[in-house]
Amino acid sequence: MVAAVEFTGVGKTYKSGLFGKAKVPAVQDVSLAIPRGSVFGLLGPNRAGKTTLVKLLLSLARPTSGHVMRLGEPASSRHTLGKIGYMHENHAFPRYLSAGEVLTFYGGLSRVSSEELPTRVNALLERVGLADRRHEPISRFSKGMVQRLGLAQALVNEPDLLILDEPTEGLDLTGRQLLRDVVNEFKKAGKTVLLVSHVLQEVQELCDELAVLVGGSVVYRGKLKDLTAGKHGLEAALRGLYTKAG
């Protein structure tokens, strides 16, 4: 089976300093395959390279070396972008727009048909508990409400690959359960979820497999149960990996 995501020998170096002469490596020789139909966790300390990998996957940056494949096609291909849903921890929605307007806008960008879009927007607003706030400007929304809207936006195109970047930031208990339900539905449907998170509890509850990045390199890739076997939980296992790699 073709992997949903595949990084092969990927490196990314950013230019820095005066005239961009200094080079700062963000990731180095990363080879990583994420199976279709899995809930895959991406963990690591700050500045480990997680955000860089997500940017490469979303075509927001190009690799300095290696290749990135997305849903069976090169990440440079625009064809598969419409099959991806992305939920960021800090959304930059125009605050003068309403929730309904945001979903309509992003649905149009994702090429959802104009005939189908209104029904889908209504269903998503109901799903995330914002149906009664449909016409309010986002400037009146709490952090948790914006996160709920961000989840709806990530689902508006019914993606095959869902990328969740610190998704529970600001969510209450009901919102977190909603997120877990969505992830489990994706798994049952044979779709793929990539979860980037520092919240170890949600990683343990949701993920089948994971990769750990430290200093821009993969220091572990495998099943969650294998990483924690014989250890005192995920936190202790990660601490050991961070210390060893550092």
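Computed values, structure above
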| item | result |
| --- | --- |
| Low-density loop positions, chymotrypsin sites (Phe, Trp or Tyr not before Pro), region 39-114 - DSSP coil, at most 12 other Cβ in 10 Å | TYR96 |
| Tensor-based shape of region 94-211 (alpha-carbon gyration tensor, a/c under 1.5 rounded, otherwise prolate or oblate) | oblate |
| Hydrodynamic radius by Kirkwood, which averages 1/r over all alpha carbon pairs of region 61-108, in angstrom | 13.4 Å |
| Among GLY72, VAL102, VAL156 - extreme Cα towards positive end, dipole of the chain, charges at beta-carbon | GLY72 |
| Unit charges on C-beta of K, R, D, E only; dipole of the chain, Debye | 800 debye |
| For region 166-246: Kirkwood Rh in Å [reciprocal of mean 1/r, alpha carbons] | 13.9 Å |
| Where labels lie 7 Å past Cα in the beta-carbon direction, separation of LYS23 and SER65 in nm | 0.8 nm |
| LEU241, LEU164, ranked by accessible area, largest first (probe 1.4 Å) | LEU241, LEU164 |
| Loop-resident sites, region 175-244, for GluC sites (Glu not before Pro), counting at most 16 other Cβ within 10 Å (DSSP) | none |
| Residue-level accessible surface for HIS67, protein heavy atoms, 1.4 Å, Å² | 130 Å² |
| Distance between region 16-95 and region 146-188 - C-alpha centres, whole angstrom | 19 Å |
| Listed residues THR119, THR104, THR13, most fluctuating in the chain (Gaussian network, C-alpha, under 10 Å) | THR119 |
| Average projection area in nm² (convex hull over Cα atoms of region 14-155, one quarter of hull surface) | 11.2 nm² |
| Shape category assigned to region 16-83 from the gyration tensor of Cα positions, a/c cut at 1.5 | oblate |
| Accessible area, probe 1.4 Å, largest first, for residues ASP29, ASP165 | ASP29, ASP165 |
| Cα lying deepest toward the dipole's positive end in region 113-246, options GLY175, VAL196, GLY215, charges on Cβ | GLY215 |
| Relative pair counts by distance (%), Cα atoms of region 90-144, 5 Å bins | 4, 20, 30, 26, 16, 4, 0 |
| Translational diffusion coefficient (Stokes-Einstein; Kirkwood radius from C-alpha pairs) of the chain at 10 °C, 1.306 mPa s, in µm²/s | 84 µm²/s |
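The values are calculated or read from the model by the stated rules, or taken from the named source; none is laboratory data. Everything numeric here is computed off the predicted structure, so don't read it as measured data. All Cβ positions, glycine included, derive from the backbone under ideal geometry; neighbour counts span all protein chains shown. Each accessible area value is taken on the protein alone, full model and side chains, heavy atoms only, with ligands, DNA and RNA left out. Shrake-Rupley method; radii C 1.70, N 1.55, O 1.52, S 1.80 Å.
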